[in-house]
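Presented below is the structure to which this report refers.
Computed from the coordinates by the stated procedures, all read-outs in this text should not be read as laboratory data. The structure displayed is predicted, hence computed values, not measured ones. Positions of Cβ are backbone-derived with ideal geometry, glycine not excepted, and every protein chain shown enters the neighbour counts.
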Amino acid sequence: MMHHRWVLPDGTPSNAREIFLSRWSAAASAAGLVCDHLGTVDGHALELFGHPQCAGKGVRLLITAGFHGEEPAGPWGLLQWLQTQGGDWQQRFAGRADIRLIPLVNATGFQMGRRFNDRGENPNRGFNLAIDPTRPSAEGALLIQHASLLREASRDGVLSCHEDIAADAAYVYTLESQAQPSARSQALVATLERYLPRHEDGLVDHCPVHDGIVFNQLDGSFEAWLFREGARYGACLETPGRQAIATRIAAQAGMIESFVQNALEI
């Protein structure tokens, strides 16, 4: 299995897990976030972060990253977005939004710059056995154990930060209970176009993509599972691995902000 690594502008390897977790811990502390320990997989913690003063108030959003270990711009982009919040989290979101964050699902894959975990499992499949015979990974099974918590956390939207490492252009998957993409989905694409070229119309992974959006493709992924479980909106970001890592990270952070801001304006 292939291993993929990049070097961040400050010289940090993209797969430097302990450095990432240290910086995440510092940023979460600065924002006043607390950790809900969901469990461990092969000795690595799977953690959900949120602000205690925002719990259960306003729109409820869940943002996740690091399902696939060779897609590092997702976790680093979520970290960059969190760092921009600093100590303003409570002032910005109290009474308006309860935002929960899972920064790194597949810790072993991330460390190796490898798509699957150390068991050879795909952590973003197995969430719908009716359409996908893939069994859940160890990480997936742990997330499914916390279905009620994650269902409530994603009530108004779930965002999953991914990359397409073989691509030159960016696109998004979106899930909505209507026939056409809403302004919310279009805003994500408008944001990605500030950083990266938009994927041309056609097919991506056998799915039709139009105006940068793969629309309402239900599969065995985490975000599709939570959408079926009642999330009002679902999205998956796909930044292109053939572009510069710093640009991809910035694009992820920008689209996370777009996802949050548009949810606040609904």
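Values computed for the structure shown
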| item | result |
| --- | --- |
| Net charge of neighbours whose Cβ lies under 12 Å from the Cβ of ALA130, counting Lys and Arg as +1 and Asp and Glu as -1 | -1 |
| Global geometry of region 17-264, whether rounded, prolate or oblate, following the gyration tensor of its Cα atoms and the 1.5 cut on a/c | rounded |
| Relative packing of peptides 84-90, 104-110, 213-219 - highest average C-beta neighbours within 10 Å first | 104-110, 213-219, 84-90 |
| Percent antiparallel among DSSP beta bridges (both partners in the chain, rounded to 5) | 45 |
| Loop-resident sites, region 190-266, for trypsin sites (Lys or Arg not before Pro), counting at most 16 other Cβ within 10 Å (DSSP) | ARG194, ARG242 |
| For peptides 12-21, 65-74, sequence by mean Cβ density within 10 Å, most packed first | 65-74, 12-21 |
| Reciprocal mean inverse distance between Cα atoms of region 1-75 - Kirkwood radius, Å | 14.4 |
